[in-house]
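Structure record follows, encoded as structure tokens.
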Amino acid sequence: MDIIYEIRRRHLVQGQTVSAIARDMDLSRPTVRKYLDVTEDRPYQRQQPVSRQLGAFEDQLTAWLEEDIKLPRQRRRTARRLFEGLQDKGYAGAYDSVQRFVKRWRGDHLGPRLTQAFVPLAFRPGDACQFDWSHEHVEIAGVLQRIKVAHFRLAYSRQMFVVAYPREMQEMVMDAHIRAFEFFGGVPARLIYDNLKTVVDTIYQGKERQFNRRFLSMANHYLFEPVACTPASGWEKGQVENQVGNIREWLFTPLARFTSFAELNDWLAIRCRELGQRSHPTQSGQTIAACFNQELPLLRPVTAHFDGYMEQMLRVSSTCLVRVDRNRYSVPARLAGTAVSVRITAEQVRVVANGEVVALHLRAFGRDELICDPWHYLPVLTKKPGALRDGAPFVAWDLPKPIQAVRDHIMKHPKGDRAFVELLILASETGLEALTIACELALVGGTVNASVVMNELRRLTAPSIPVAINVPDGIALMIEPIADYSRYDHLLEVSHVVH
């Protein structure tokens, strides 16, 4: 601005010509003429350099960005992921070129992002852990699914733990805490949450909350203090909020593929350990794992396991089923029409009657699925043996091949279903393995019927005769009897007349 002022003063006040001003100030005449019309300071705007290193890869990068803009923000690839994708296709340029291109392209198509201000927080070792949920997309057993991921982050050491579930429910929250405390090797003093419906029942003024009773039972078991954030104040647990985005970029982009949730969660635990080898963001020269080792002794040890289940009282139907979360599970037939307690965990469905677990099933997360244990219906077969042919629990019963062969042979004969039911009743006492061996013996012998299999089964399960009997010394005879066979000789002298 000083140069502009000097040019205008010389020309408009002192009357110097453009050529004289250009000669005295060592400027070009076009520059002098340009500044004569300037009356206000024009801020300098840096021009973004045009990336010339992308070359033929610019079209590929643009195509990826056009694909990503159609996706939700959480599923869009970062500049780093796009850079790695270009490297796989042979790109040998720098990351900065890709980053500048992505920033400029998104600015033109999405507009600028607003920056918010936050208050920096500091935490003591062993004091706090932050919790949050996120939804991700993975492929489980060849099926694309939208899953829920529970995030934990120790606020001092920044050690993270994540675990995946099909849904976000109360029993998943408790299971995630049990897994996290086992992973960390202890329990922090406080856990910080959003106002989750699975954690908080009612929000009062300020920090007052009414927590879920079952959740408080878990907190009381592990002796940690639950703390709920102020509504719409995610910065109070900003570490785990930031972790959600990082985990999505590091672990779920591109699409992760696994055969089961168990395999996925095992892999996530391993990756959490590996990510702990990164540098700590605030303690220079130390890794997250090193800070975690300092924090570990200050965590409260876990002394007893917590059974994280949700309980419902349900009535067993006449078909020996209870309905749980849109699916049906079998119960022993003797409990048909009675009320039972159903305890639901993240992985199991347990049916309890009179304080005893009477049925245990792996939990299903589909809809209208039928999960049956054929042994539950065995008492019904004694009265209705015909149900063995078309009964849903028995049609899909995966029996050992020798038993299937014997069943198919017996069922061809009249009243074969009743005969096979008798074998199953006997097997319920002796075990399915013994019945399998008995069927194999019958098939090898060439005579296959219920009587032969039952005879083989009883021979296999009959108690063995002891080889020797150990008699205690205290009951031994002082004088052992001597056998005298001569006393039976008089019987030879008696004559017997047969008429």
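None of the figures in this text is laboratory data; all of them are computed from the coordinates on show. These numbers come from a predicted model, not from an experiment. Note: ideal-geometry Cβ built from the backbone for every residue, glycine included; neighbour counts use all protein chains shown.
How large is the helix-only mean residue ellipticity at 222 nm for the chain, computed as the sum of -39500 (n - 2.57) over DSSP H runs with n ≥ 4, divided by its residue count, in deg cm²/dmol to the nearest 500?
-11500 deg cm²/dmol
Debye calculation, C-alpha points only, no solvent: report log10 I(q)/I(0) for the chain at q = 0.05, 0.07 Å⁻¹, in the same order as the q values.
Here the Debye-derived log intensity ratios amount to -0.44, -0.70.
Which ordering of LYS237, LYS412 is given by a fewest-first count of other beta-carbon atoms within 10 Å?
Fewest-to-most Cβ neighbours within 10 Å comes out as LYS412, LYS237.
What nm value, rounded to one decimal, do you get for the distance between THR62 and ARG389 when each label is placed 7 Å out toward the C-beta?
The answer from the label model is 7.0 nm.
Can you check what the net charge comes to around MET218, using other residues whose Cβ is under 13 Å from the Cβ of MET218 (Lys, Arg +1; Asp, Glu -1)?
That sum, taken over residues with Cβ under 13 Å, equals -1.
Take the residue pairs LYS103/LYS237; LYS383/LYS415; LYS148/LYS197 and return only those whose Cα atoms are more than 23 Å apart.
Long pairs (Cα-Cα over 23 Å): LYS103/LYS237.
Can you sort ILE344, ILE69, ILE482 by how many other beta carbons sit within 10 Å, fewest first?
Least to most surrounded, the residues fall as ILE482, ILE69, ILE344.
Counting other beta carbons within 10 Å of each Cβ, put VAL444, VAL380 in order, fewest first.
Fewest-to-most ranking of VAL444, VAL380: VAL444, VAL380.
Working out 0.36 nm times the residue gap between GLN286 and VAL352, then minus their Cα-Cα distance, what length gain in nm do you get to one decimal?
18.7 nm
With a cut-off of 8 Å between alpha carbons and a minimum separation of six or more residues, what is the relative contact order of region 306-429 in percent?
It rounds to 19 percent for region 306-429.
Can you work out ³J(HN,Hα) from phi for every residue in region 275-286, in order, using Karplus 6.51 cos²θ - 1.76 cosθ + 1.60 and θ = phi - 60°, giving whole Hz and x for Gly and Pro?
So the Karplus estimates, Gly and Pro as x, are 5, x, 7, 6, 5, 5, x, 10, 9, 5, x, 10 Hz.
Compute the FRET efficiency between THR430 and ASP489 as 1/(1 + (r/R0)^6), taking r as their Cβ-Cβ distance and R0 = 51 Å, and round to the nearest 0.05.
0.50
Under a point spin-label approximation (7 Å from Cα along Cα-to-Cβ), what is the ASN246-ARG9 distance to one decimal in nm?
Here the modelled spin labels are 5.6 nm apart.
Please give me the summed charge of the neighbours of PHE83: other residues whose Cβ is under 12 Å from its Cβ, Lys and Arg +1, Asp and Glu -1.
Local charge sum for PHE83: +2.
To check you understand DSSP bridge types, tell me what percent of the beta bridges within region 128-298 (both residues inside) are antiparallel, rounded to 5.
70
To the nearest 0.05, how large is the calculated FRET efficiency for ASP307 and ARG80 if R₀ is 41 Å and r is the Cβ-Cβ distance?
0.45
Over the chain, what is the relative contact order in percent, taking alpha-carbon pairs closer than 8 angstrom and at least six residues apart?
Relative contact order comes out at 9 percent.
Could you tell me the calculated FRET efficiency between ALA269 and TYR204, based on Cβ-Cβ distance and R0 = 41 angstrom, to the nearest 0.05?
Approximately 0.65, to the nearest 0.05.
List the relative contact order of region 128-298 as a percent without decimals, with contacts defined as Cα pairs under 8 Å and 6+ residues apart.
Relative contact order for region 128-298 comes out at 29 percent.
Can you give the % of DSSP beta bridges in the chain that are antiparallel, to the nearest 5?
Within the chain, antiparallel bridges account for around 80 percent of the total.
Among 100-111, 239-250, how do they line up by average Cβ neighbours within 10 Å per residue, starting with the highest?
Peptide ranking by packing, descending: 239-250, 100-111.
How large is ³J(HN,Hα), in whole Hz, for each residue of region 202-207 in order, when computed from phi with the Karplus curve 6.51 cos²θ - 1.76 cosθ + 1.60 and θ = phi - 60°, using x for Gly and Pro?
Once θ is set to phi - 60°, the couplings for region 202-207 become 9, 9, 9, 5, x, 9 Hz.
Under 15 Å Cα-Cα from LYS384, which aspartates and glutamates qualify once same-chain neighbours fewer than 8 residues away are excluded?
ASP417, GLU422
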